[in-house]
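First the structure, in the form of C-alpha coordinates, and then the observations on it.
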Amino acid sequence: MDKGAGAAGVREDLIWHPYTRHSAVDAGLPVMKRGEGIYLWDQEGRRYVDAISSWWACNLGHGHLRVVEAIRRQAGELQHSILGHLSHPRALELAERLCGLFPDRRRVLFASDGSSAVEAALKIALHRAYSLGETKRCKFVALEGAYHGDTLGAVAVGYLEHFHRPFKPVLFPVYQAEAPCCSTCARGTTPDRCAQECLISMREIIRNFGPELAAVIVEPLCLGAGGMKIYSSGYLARLAELCAEHDILLIADEVAVGMGRTGRMLACNHADVAADIVCMGKGLAAGYLPLSATIVKEEIYELFRDTPRMDLTFYHGHTFSGNPIAAAAALETLRVYEEEQIVRRAERMGERMARRMRAMTGQPGVRDVRTLGMIGAVELTARRAAEAEARATRIRDHLRAQGVLIRPLGPVVYLMPPLTIDEAALDDLVDRLAEAVAATEDQ
(Lines give C-alpha, C1' and ligand atoms only; values in the text may rest on other atoms or scores of the structure.)
Protein backbone atom coordinates (compact mmCIF):
# COMPACT_ATOMS: atom_id res chain seq x y z
CA MET A 1 0.00 0.00 0.00
CA ASP A 2 1.33 3.46 -0.90
CA LYS A 3 2.41 5.83 1.81
CA GLY A 4 -0.61 7.88 2.82
CA ALA A 5 -3.12 5.29 1.66
CA GLY A 6 -6.10 4.58 3.87
CA ALA A 7 -7.77 1.32 4.80
CA ALA A 8 -9.56 1.23 1.45
CA GLY A 9 -6.33 1.85 -0.49
CA VAL A 10 -7.29 5.48 -1.23
CA ARG A 11 -4.66 8.14 -0.61
CA GLU A 12 -5.41 10.38 2.35
CA ASP A 13 -2.50 12.81 1.94
CA LEU A 14 -3.71 14.79 -1.07
CA ILE A 15 -6.24 17.10 0.62
CA TRP A 16 -5.38 20.58 1.89
CA HIS A 17 -7.55 20.43 5.00
CA PRO A 18 -9.10 23.76 6.06
CA TYR A 19 -7.95 25.25 9.36
CA THR A 20 -5.76 22.20 9.99
CA ARG A 21 -2.07 22.23 10.88
CA HIS A 22 0.29 20.08 8.85
CA SER A 23 1.36 18.29 12.02
CA ALA A 24 -2.22 17.11 12.58
CA VAL A 25 -2.46 15.79 9.02
CA ASP A 26 0.88 14.01 9.36
CA ALA A 27 -0.37 12.32 12.52
CA GLY A 28 -3.37 10.99 10.63
CA LEU A 29 -7.01 12.07 10.65
CA PRO A 30 -10.17 10.02 11.09
CA VAL A 31 -11.89 9.36 7.75
CA MET A 32 -15.65 9.65 8.16
CA LYS A 33 -17.67 7.21 6.11
CA ARG A 34 -21.25 7.43 7.34
CA GLY A 35 -23.56 9.69 9.32
CA GLU A 36 -26.87 9.13 11.06
CA GLY A 37 -28.58 11.36 13.60
CA ILE A 38 -26.03 12.98 15.91
CA TYR A 39 -23.36 10.42 15.01
CA LEU A 40 -20.56 9.97 12.48
CA TRP A 41 -18.74 6.68 11.81
CA ASP A 42 -15.20 6.47 10.50
CA GLN A 43 -13.95 3.87 8.05
CA GLU A 44 -12.72 1.75 10.96
CA GLY A 45 -16.26 1.53 12.31
CA ARG A 46 -15.73 3.86 15.31
CA ARG A 47 -18.70 6.00 16.25
CA TYR A 48 -18.44 9.67 17.25
CA VAL A 49 -20.91 12.22 18.55
CA ASP A 50 -20.78 15.18 16.18
CA ALA A 51 -20.79 17.71 19.01
CA ILE A 52 -20.22 20.69 16.70
CA SER A 53 -22.75 19.77 13.99
CA SER A 54 -19.99 19.49 11.39
CA TRP A 55 -18.90 23.13 11.63
CA TRP A 56 -22.23 24.34 13.06
CA ALA A 57 -24.21 23.31 9.98
CA CYS A 58 -25.98 19.96 10.45
CA ASN A 59 -28.72 21.21 12.76
CA LEU A 60 -31.03 18.31 11.86
CA GLY A 61 -28.26 15.77 12.36
CA HIS A 62 -27.01 13.49 9.65
CA GLY A 63 -29.08 11.52 7.17
CA HIS A 64 -32.45 13.15 7.87
CA LEU A 65 -34.65 11.07 5.59
CA ARG A 66 -36.97 13.85 4.46
CA VAL A 67 -34.14 16.14 3.42
CA VAL A 68 -32.25 13.31 1.72
CA GLU A 69 -35.39 12.34 -0.20
CA ALA A 70 -35.97 15.96 -1.27
CA ILE A 71 -32.43 16.05 -2.64
CA ARG A 72 -33.01 12.77 -4.47
CA ARG A 73 -36.28 13.97 -6.03
CA GLN A 74 -34.84 17.26 -7.20
CA ALA A 75 -31.72 15.60 -8.61
CA GLY A 76 -33.98 13.56 -10.90
CA GLU A 77 -35.83 16.66 -12.12
CA LEU A 78 -33.42 19.60 -12.48
CA GLN A 79 -29.82 19.57 -11.35
CA HIS A 80 -28.78 23.13 -12.11
CA SER A 81 -30.04 26.22 -13.87
CA ILE A 82 -28.53 29.66 -13.55
CA LEU A 83 -30.46 32.51 -11.94
CA GLY A 84 -28.97 35.12 -14.27
CA HIS A 85 -31.87 36.13 -16.54
CA LEU A 86 -33.63 32.86 -15.59
CA SER A 87 -35.41 31.37 -12.61
CA HIS A 88 -36.64 28.00 -11.38
CA PRO A 89 -39.39 26.82 -9.01
CA ARG A 90 -37.25 25.87 -6.01
CA ALA A 91 -35.48 29.24 -5.92
CA LEU A 92 -38.82 31.06 -6.15
CA GLU A 93 -40.34 28.95 -3.37
CA LEU A 94 -37.30 29.25 -1.12
CA ALA A 95 -37.08 33.03 -1.56
CA GLU A 96 -40.73 33.31 -0.55
CA ARG A 97 -40.17 31.18 2.56
CA LEU A 98 -37.09 33.16 3.61
CA CYS A 99 -38.76 36.53 3.06
CA GLY A 100 -41.61 35.24 5.23
CA LEU A 101 -39.23 35.23 8.20
CA PHE A 102 -39.26 39.04 8.24
CA PRO A 103 -41.91 41.65 9.07
CA ASP A 104 -41.09 43.77 6.00
CA ARG A 105 -40.69 43.16 2.27
CA ARG A 106 -37.36 41.61 1.26
CA ARG A 107 -35.30 40.31 -1.67
CA VAL A 108 -32.98 37.31 -1.57
CA LEU A 109 -29.61 36.97 -3.26
CA PHE A 110 -28.38 33.36 -3.16
CA ALA A 111 -24.81 32.06 -2.96
CA SER A 112 -23.06 28.91 -1.78
CA ASP A 113 -21.45 29.75 1.56
CA GLY A 114 -21.59 32.22 4.40
CA SER A 115 -18.47 34.11 3.41
CA SER A 116 -19.98 34.77 -0.03
CA ALA A 117 -23.19 35.99 1.60
CA VAL A 118 -21.20 38.43 3.73
CA GLU A 119 -19.15 39.57 0.74
CA ALA A 120 -22.35 40.36 -1.14
CA ALA A 121 -23.73 42.26 1.87
CA LEU A 122 -20.63 44.46 2.03
CA LYS A 123 -20.77 45.19 -1.69
CA ILE A 124 -24.49 45.98 -1.50
CA ALA A 125 -23.83 48.48 1.30
CA LEU A 126 -21.14 50.20 -0.75
CA HIS A 127 -23.25 50.12 -3.92
CA ARG A 128 -26.20 51.61 -2.02
CA ALA A 129 -24.09 54.59 -1.00
CA TYR A 130 -22.89 54.98 -4.58
CA SER A 131 -26.47 54.84 -5.88
CA LEU A 132 -27.45 57.61 -3.46
CA GLY A 133 -24.50 59.73 -4.52
CA GLU A 134 -22.93 59.35 -1.06
CA THR A 135 -19.57 58.11 -2.26
CA LYS A 136 -17.84 59.11 0.98
CA ARG A 137 -19.79 56.34 2.74
CA CYS A 138 -17.21 53.65 2.09
CA LYS A 139 -16.17 52.46 5.56
CA PHE A 140 -17.42 49.71 7.83
CA VAL A 141 -17.62 49.14 11.57
CA ALA A 142 -17.18 45.68 13.07
CA LEU A 143 -16.69 44.22 16.53
CA GLU A 144 -13.20 43.39 17.75
CA GLY A 145 -12.53 39.67 17.49
CA ALA A 146 -15.44 39.02 15.15
CA TYR A 147 -15.24 36.49 12.31
CA HIS A 148 -17.23 36.82 9.09
CA GLY A 149 -15.56 34.42 6.65
CA ASP A 150 -12.39 33.94 4.65
CA THR A 151 -12.88 35.91 1.45
CA LEU A 152 -10.91 39.16 1.56
CA GLY A 153 -13.80 41.53 2.26
CA ALA A 154 -15.11 39.24 4.98
CA VAL A 155 -11.61 38.99 6.44
CA ALA A 156 -11.31 42.78 6.56
CA VAL A 157 -14.44 43.11 8.73
CA GLY A 158 -13.71 39.91 10.65
CA TYR A 159 -9.98 40.06 11.16
CA LEU A 160 -8.49 37.53 13.59
CA GLU A 161 -4.74 38.00 13.94
CA HIS A 162 -3.89 34.33 14.36
CA PHE A 163 -5.84 33.33 11.24
CA HIS A 164 -5.41 36.30 8.92
CA ARG A 165 -2.04 37.96 9.61
CA PRO A 166 -0.52 37.13 6.16
CA PHE A 167 -3.34 38.97 4.37
CA LYS A 168 -3.26 42.18 6.41
CA PRO A 169 -1.37 44.25 3.79
CA VAL A 170 -4.22 43.99 1.26
CA LEU A 171 -7.20 44.47 3.60
CA PHE A 172 -9.19 47.70 3.62
CA PRO A 173 -9.30 49.57 6.96
CA VAL A 174 -12.27 48.92 9.25
CA TYR A 175 -13.32 50.69 12.43
CA GLN A 176 -13.43 48.20 15.29
CA ALA A 177 -15.70 48.70 18.26
CA GLU A 178 -15.39 46.98 21.62
CA ALA A 179 -16.87 43.50 21.52
CA PRO A 180 -19.34 42.83 24.34
CA CYS A 181 -19.26 39.60 26.35
CA CYS A 182 -21.65 39.76 29.28
CA SER A 183 -20.31 36.93 31.43
CA THR A 184 -16.71 38.19 31.25
CA CYS A 185 -17.54 41.90 31.24
CA ALA A 186 -14.33 43.94 31.11
CA ARG A 187 -15.85 46.34 33.65
CA GLY A 188 -17.00 43.66 36.05
CA THR A 189 -20.62 44.69 35.51
CA THR A 190 -23.39 42.18 36.18
CA PRO A 191 -26.58 42.06 34.08
CA ASP A 192 -28.66 43.66 36.84
CA ARG A 193 -26.29 46.68 36.93
CA CYS A 194 -25.52 46.89 33.21
CA ALA A 195 -25.82 50.32 31.61
CA GLN A 196 -24.54 49.18 28.20
CA GLU A 197 -21.09 50.70 28.79
CA CYS A 198 -19.76 48.28 26.16
CA LEU A 199 -21.73 50.25 23.55
CA ILE A 200 -19.76 53.44 24.24
CA SER A 201 -16.98 52.73 21.72
CA MET A 202 -19.52 51.84 19.01
CA ARG A 203 -21.48 55.01 19.77
CA GLU A 204 -18.34 57.15 19.57
CA ILE A 205 -17.29 55.66 16.23
CA ILE A 206 -20.73 56.30 14.76
CA ARG A 207 -20.87 59.82 16.21
CA ASN A 208 -17.39 60.74 14.93
CA PHE A 209 -17.40 58.99 11.57
CA GLY A 210 -21.10 58.52 10.74
CA PRO A 211 -21.05 60.34 7.36
CA GLU A 212 -18.38 57.97 6.04
CA LEU A 213 -19.93 54.71 7.30
CA ALA A 214 -21.72 52.42 4.86
CA ALA A 215 -22.65 49.75 7.40
CA VAL A 216 -22.08 48.14 10.76
CA ILE A 217 -21.70 44.36 10.64
CA VAL A 218 -22.14 42.08 13.66
CA GLU A 219 -22.70 38.47 14.57
CA PRO A 220 -25.92 38.88 16.57
CA LEU A 221 -25.60 37.86 20.26
CA CYS A 222 -22.59 35.57 19.82
CA LEU A 223 -19.14 36.07 18.33
CA GLY A 224 -18.54 32.52 17.14
CA ALA A 225 -15.01 31.83 15.93
CA GLY A 226 -13.81 34.72 18.08
CA GLY A 227 -14.40 32.58 21.17
CA MET A 228 -18.18 32.17 21.61
CA LYS A 229 -18.51 35.60 23.23
CA ILE A 230 -22.16 35.98 24.14
CA TYR A 231 -23.81 39.36 24.66
CA SER A 232 -27.24 40.76 25.43
CA SER A 233 -30.18 41.42 23.14
CA GLY A 234 -30.28 44.92 24.67
CA TYR A 235 -26.94 45.75 23.04
CA LEU A 236 -28.24 44.62 19.66
CA ALA A 237 -31.47 46.59 20.00
CA ARG A 238 -29.63 49.80 20.88
CA LEU A 239 -27.16 49.26 18.06
CA ALA A 240 -30.04 48.96 15.58
CA GLU A 241 -31.45 52.26 16.88
CA LEU A 242 -28.05 53.95 16.51
CA CYS A 243 -27.69 52.76 12.92
CA ALA A 244 -31.20 53.94 12.02
CA GLU A 245 -30.58 57.37 13.57
CA HIS A 246 -27.46 57.88 11.44
CA ASP A 247 -28.75 56.20 8.24
CA ILE A 248 -26.13 53.47 8.49
CA LEU A 249 -27.03 49.96 7.35
CA LEU A 250 -26.97 47.17 9.92
CA ILE A 251 -25.71 43.85 8.55
CA ALA A 252 -26.55 40.82 10.69
CA ASP A 253 -24.30 37.83 10.04
CA GLU A 254 -26.68 35.04 11.03
CA VAL A 255 -24.68 32.36 9.21
CA ALA A 256 -23.73 30.50 12.41
CA VAL A 257 -26.36 31.72 14.88
CA GLY A 258 -29.42 31.58 12.63
CA MET A 259 -31.68 28.62 11.84
CA GLY A 260 -32.72 28.13 15.47
CA ARG A 261 -29.28 27.77 17.03
CA THR A 262 -30.00 30.38 19.74
CA GLY A 263 -33.55 29.22 20.50
CA ARG A 264 -35.05 31.66 17.97
CA MET A 265 -35.16 31.24 14.21
CA LEU A 266 -32.83 34.22 13.92
CA ALA A 267 -30.67 35.55 16.73
CA CYS A 268 -31.97 39.04 15.88
CA ASN A 269 -35.44 37.87 16.94
CA HIS A 270 -34.29 37.99 20.57
CA ALA A 271 -33.98 41.77 20.22
CA ASP A 272 -36.95 42.23 17.87
CA VAL A 273 -34.50 43.66 15.33
CA ALA A 274 -35.01 43.44 11.57
CA ALA A 275 -31.52 44.20 10.27
CA ASP A 276 -31.24 45.91 6.89
CA ILE A 277 -29.24 43.02 5.46
CA VAL A 278 -29.22 39.49 6.91
CA CYS A 279 -26.77 36.76 5.91
CA MET A 280 -27.76 33.12 6.31
CA GLY A 281 -25.95 29.87 5.52
CA LYS A 282 -24.59 26.71 7.18
CA GLY A 283 -27.81 25.07 8.44
CA LEU A 284 -29.97 26.64 5.74
CA ALA A 285 -29.87 23.45 3.67
CA ALA A 286 -29.46 21.29 6.80
CA GLY A 287 -25.71 21.37 6.23
CA TYR A 288 -26.12 18.79 3.46
CA LEU A 289 -25.42 21.06 0.50
CA PRO A 290 -23.71 24.45 0.16
CA LEU A 291 -26.25 27.26 0.16
CA SER A 292 -26.35 30.78 1.60
CA ALA A 293 -28.55 33.82 1.27
CA THR A 294 -28.17 37.58 1.58
CA ILE A 295 -31.60 38.91 2.47
CA VAL A 296 -32.09 42.62 1.83
CA LYS A 297 -34.82 45.14 2.54
CA GLU A 298 -36.87 46.04 -0.52
CA GLU A 299 -36.05 49.75 -0.30
CA ILE A 300 -32.37 48.91 -0.70
CA TYR A 301 -33.06 46.66 -3.68
CA GLU A 302 -35.07 49.44 -5.35
CA LEU A 303 -31.96 51.64 -5.51
CA PHE A 304 -30.31 49.30 -8.01
CA ARG A 305 -32.53 50.22 -10.95
CA ASP A 306 -31.31 50.73 -14.50
CA THR A 307 -32.56 53.48 -16.79
CA PRO A 308 -31.47 54.74 -20.20
CA ARG A 309 -29.55 57.48 -18.36
CA MET A 310 -27.92 55.41 -15.62
CA ASP A 311 -27.32 51.71 -14.99
CA LEU A 312 -27.20 50.90 -11.26
CA THR A 313 -27.52 47.14 -11.71
CA PHE A 314 -25.71 45.09 -9.05
CA TYR A 315 -23.33 43.09 -11.20
CA HIS A 316 -22.59 40.30 -8.76
CA GLY A 317 -23.33 36.59 -8.62
CA HIS A 318 -22.01 33.05 -8.44
CA THR A 319 -22.34 30.07 -10.76
CA PHE A 320 -24.28 27.99 -8.27
CA SER A 321 -26.42 30.76 -6.79
CA GLY A 322 -29.71 29.15 -5.77
CA ASN A 323 -28.79 25.73 -7.14
CA PRO A 324 -32.06 23.75 -7.49
CA ILE A 325 -30.90 20.73 -5.48
CA ALA A 326 -29.56 22.86 -2.64
CA ALA A 327 -32.73 24.96 -2.69
CA ALA A 328 -34.87 21.83 -2.51
CA ALA A 329 -32.89 20.70 0.53
CA ALA A 330 -33.43 24.09 2.17
CA LEU A 331 -37.16 24.05 1.46
CA GLU A 332 -37.57 20.64 3.06
CA THR A 333 -35.39 21.75 5.97
CA LEU A 334 -37.72 24.68 6.62
CA ARG A 335 -40.75 22.38 6.44
CA VAL A 336 -39.15 20.04 8.97
CA TYR A 337 -38.40 23.00 11.22
CA GLU A 338 -42.03 24.06 11.13
CA GLU A 339 -43.67 20.66 11.47
CA GLU A 340 -41.28 19.30 14.12
CA GLN A 341 -41.03 22.62 16.00
CA ILE A 342 -37.24 22.53 15.85
CA VAL A 343 -36.75 26.08 17.11
CA ARG A 344 -38.96 25.54 20.16
CA ARG A 345 -37.09 22.29 20.80
CA ALA A 346 -33.75 24.11 20.57
CA GLU A 347 -34.95 26.65 23.13
CA ARG A 348 -36.05 23.94 25.54
CA MET A 349 -32.95 21.79 25.09
CA GLY A 350 -30.77 24.88 25.39
CA GLU A 351 -32.23 25.59 28.80
CA ARG A 352 -31.42 22.02 29.82
CA MET A 353 -27.85 22.32 28.53
CA ALA A 354 -27.37 25.60 30.39
CA ARG A 355 -28.45 24.05 33.71
CA ARG A 356 -26.07 21.12 33.35
CA MET A 357 -23.12 23.17 32.11
CA ARG A 358 -23.30 25.50 35.09
CA ALA A 359 -21.86 22.65 37.18
CA MET A 360 -18.47 23.39 35.59
CA THR A 361 -18.47 26.97 36.89
CA GLY A 362 -15.67 27.52 39.40
CA GLN A 363 -13.71 24.39 38.53
CA PRO A 364 -9.91 24.85 38.60
CA GLY A 365 -8.70 26.46 35.42
CA VAL A 366 -12.21 27.44 34.27
CA ARG A 367 -12.59 31.16 33.76
CA ASP A 368 -16.17 31.17 32.49
CA VAL A 369 -19.09 29.01 31.42
CA ARG A 370 -21.59 30.63 29.06
CA THR A 371 -24.53 29.43 27.02
CA LEU A 372 -27.02 30.72 24.46
CA GLY A 373 -29.63 28.37 23.10
CA MET A 374 -27.80 25.30 21.85
CA ILE A 375 -24.36 26.89 22.23
CA GLY A 376 -22.39 25.98 25.33
CA ALA A 377 -18.85 27.23 25.91
CA VAL A 378 -16.21 26.75 28.61
CA GLU A 379 -13.38 29.28 28.64
CA LEU A 380 -10.19 28.00 30.24
CA THR A 381 -7.55 30.06 31.98
CA ALA A 382 -3.95 29.55 33.06
CA ARG A 383 -0.85 31.55 33.96
CA ARG A 384 0.00 31.74 30.28
CA ALA A 385 -2.44 31.77 27.36
CA ALA A 386 -0.52 28.96 25.67
CA GLU A 387 -1.15 26.70 28.66
CA ALA A 388 -4.91 27.24 28.45
CA GLU A 389 -4.86 26.51 24.73
CA ALA A 390 -2.78 23.38 25.29
CA ARG A 391 -5.33 22.19 27.84
CA ALA A 392 -8.13 22.81 25.33
CA THR A 393 -6.26 20.59 22.88
CA ARG A 394 -5.94 17.86 25.51
CA ILE A 395 -9.67 18.10 26.18
CA ARG A 396 -10.30 17.69 22.44
CA ASP A 397 -8.07 14.62 22.28
CA HIS A 398 -9.57 13.16 25.46
CA LEU A 399 -13.07 13.51 24.04
CA ARG A 400 -12.12 12.10 20.66
CA ALA A 401 -10.84 8.99 22.42
CA GLN A 402 -14.25 8.83 24.12
CA GLY A 403 -16.06 9.12 20.79
CA VAL A 404 -16.89 12.85 20.85
CA LEU A 405 -15.78 15.37 18.21
CA ILE A 406 -15.14 19.01 19.15
CA ARG A 407 -12.92 21.82 17.79
CA PRO A 408 -11.57 24.24 20.45
CA LEU A 409 -11.23 27.94 19.71
CA GLY A 410 -7.98 28.86 21.46
CA PRO A 411 -8.73 28.45 25.20
CA VAL A 412 -12.46 27.90 24.59
CA VAL A 413 -14.01 24.46 24.31
CA TYR A 414 -17.63 24.43 23.22
CA LEU A 415 -20.61 22.30 22.26
CA MET A 416 -22.95 23.02 19.33
CA PRO A 417 -24.66 19.66 18.80
CA PRO A 418 -27.47 19.03 16.32
CA LEU A 419 -30.73 20.61 17.44
CA THR A 420 -32.35 17.18 17.18
CA ILE A 421 -30.26 15.65 19.99
CA ASP A 422 -32.39 13.97 22.65
CA GLU A 423 -32.24 14.65 26.38
CA ALA A 424 -30.26 11.55 27.33
CA ALA A 425 -27.65 12.13 24.65
CA LEU A 426 -27.35 15.80 25.56
CA ASP A 427 -26.91 15.02 29.25
CA ASP A 428 -24.25 12.45 28.40
CA LEU A 429 -22.44 14.89 26.11
CA VAL A 430 -22.26 17.61 28.77
CA ASP A 431 -21.16 15.05 31.37
CA ARG A 432 -18.38 13.86 29.06
CA LEU A 433 -17.20 17.42 28.56
CA ALA A 434 -17.21 18.03 32.32
CA GLU A 435 -15.24 14.82 32.88
CA ALA A 436 -12.69 15.85 30.23
CA VAL A 437 -12.27 19.28 31.83
CA ALA A 438 -11.67 17.64 35.21
CA ALA A 439 -9.36 14.94 33.82
CA THR A 440 -7.03 17.47 32.18
CA GLU A 441 -6.73 19.79 35.20
CA ASP A 442 -3.57 18.28 36.69
CA GLN A 443 -1.79 17.83 33.36
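Some points to look at:
- Using only side-chain charges placed at the Cβ, +1 for Lys and Arg and -1 for Asp and Glu, the dipole size of the chain relative to its Cα centre rounds to 300 debye.
- Close amide H contacts of Lys229 (hydrogens built in the peptide plane, cut-off under 5 Å, sequence separation of 5 or more or a different chain): Leu223.
- Chymotrypsin sites (Phe, Trp or Tyr not before Pro) within the stretch 1-109: DSSP coil, no more than 12 neighbouring Cβ in 10 Å: Trp16, Tyr19
- Of the residues Ala215, Ser112, Gly403, the one whose Cα sits farthest toward the positive end of the charge dipole of the chain, with +1 on the Cβ of Lys and Arg and -1 on the Cβ of Asp and Glu, is Gly403.
- Note that the chain presents 47 Å² accessible area per residue, ligands and nucleic acids not counted, probe 1.4 Å.
- Approximating the spin labels as points 7 Å out from Cα along Cα→Cβ, the Ile82-to-Glu161 distance works out to 4.5 nm.
- For Val404, the amide hydrogen comes within under 5 Å of the amide hydrogens of Val49, counting only partners 5 or more places away or on other chains and with H modelled in the peptide plane.
- Here, the stretch 95-188 is characterised by an Rg to Rh ratio of 1.03, where Rg is the alpha-carbon radius of gyration and Rh the Kirkwood radius.
- Under Karplus coefficients 6.51, -1.76 and 1.60, residue-wise ³J(HN,Hα) of the stretch 236-242 in Hz, glycine/proline x: 5, 4, 5, 5, 4, 5, 4
- Segments 220-233, 108-121, 381-394 sorted - mean Cβ within 10 Å per residue, highest first: 108-121, 220-233, 381-394
- Taking only protein heavy atoms and a 1.4 Å probe, the accessible area of the chain is 52% carbon and sulfur.
- Angstrom value of the Kirkwood radius, inverse mean 1/r, which spans all Cα pairs in the chain: 22.9
- Each peptide in 319-331, 160-172 receives the mean, over its residues, of other Cβ atoms within 10 Å, and ordering these scores from highest gives 319-331, 160-172.
- When Phe304, Phe140, Phe209 are compared by accessible area at a 1.4 angstrom probe, the order from most to least is Phe209, Phe304, Phe140.
- R0 of 22 Å, Cβ-Cβ distance Asp431-Thr361: FRET efficiency to nearest 0.05: 0.90
- Highest-MSF residue in the chain out of His17, His246, His148 [GNM, Cα springs under 10 Å]: His17
- Residue by residue, the stretch 23-33 carries 3J(HN,Hα) couplings of 4, 5, 5, 4, 6, x, 10, x, 10, 7, 10 Hz when phi is fed to the Karplus relation 6.51 cos²θ - 1.76 cosθ + 1.60 (θ = phi - 60°); x denotes Gly or Pro.
- Comparing the stretch 370-443 with the 2.2 N^0.38 Å rule of thumb, its C-alpha radius of gyration ratio is 1.07 (two decimals).
- Principal axis analysis of the Cα atoms in the stretch 325-428 yields extents of 50, 30, 22 Å, listed in decreasing size.
- Principal axis dimensions, largest first and in whole angstrom, of the stretch 232-349 by Cα: 55, 39, 19
- For the stretch 4-160, Kirkwood radius (reciprocal of mean inverse C-alpha pair distance, Å): 20.0
- Looking at the stretch 63-162, the trypsin sites (Lys or Arg not before Pro) that sit in a DSSP loop and have at most 16 other Cβ atoms within 10 Å of their own Cβ are Arg105, Lys136.
- Distribution of pairwise C-alpha distances over the stretch 41-122, 5 Å bins, in %: 3, 9, 13, 18, 22, 16, 10, 5, 3, 1, 0
- Across the stretch 380-391, rounded Karplus estimates of 3J(HN,Hα) from the backbone phi angles (6.51 cos²θ - 1.76 cosθ + 1.60, θ = phi - 60°) give 8, 9, 7, 4, 10, 4, 4, 5, 5, 5, 5, 5 Hz, Gly and Pro being marked x.
- FRET efficiency for the Thr189 to Thr151 pair, using the beta carbon distance and R₀ = 51 Å, is estimated at 0.90.
- Charge dipole (debye, nearest 20) of the stretch 41-197; +1 at Cβ of Lys and Arg, -1 at Cβ of Asp and Glu: 420
- Under a 5 Å amide H cut-off, with hydrogens placed 1.01 Å from N, Arg367 pairs with Glu379, Leu380, Thr381 among residues at least 5 apart or on other chains.
- Relative intensity, log₁₀ I(q)/I(0), of the stretch 162-312 from a Debye sum that treats every alpha carbon as a point, q = 0.09, 0.13 Å⁻¹: -0.34, -0.71
- Annotation: lysines with alpha-carbon distance below 24 angstrom to Lys297 (same-chain offsets under eight excluded): Lys123, Lys136, Lys139, Lys282.
The values are calculated or read from the model by the stated rules, or taken from the named source; none is laboratory data. Not measured: the values here are computed from a predicted model. Note: ideal-geometry Cβ built from the backbone for every residue, glycine included; neighbour counts use all protein chains shown. Protein only, heavy atoms only, side chains kept; ligands, DNA and RNA dropped before computing areas. Shrake-Rupley method; radii C 1.70, N 1.55, O 1.52, S 1.80 Å.
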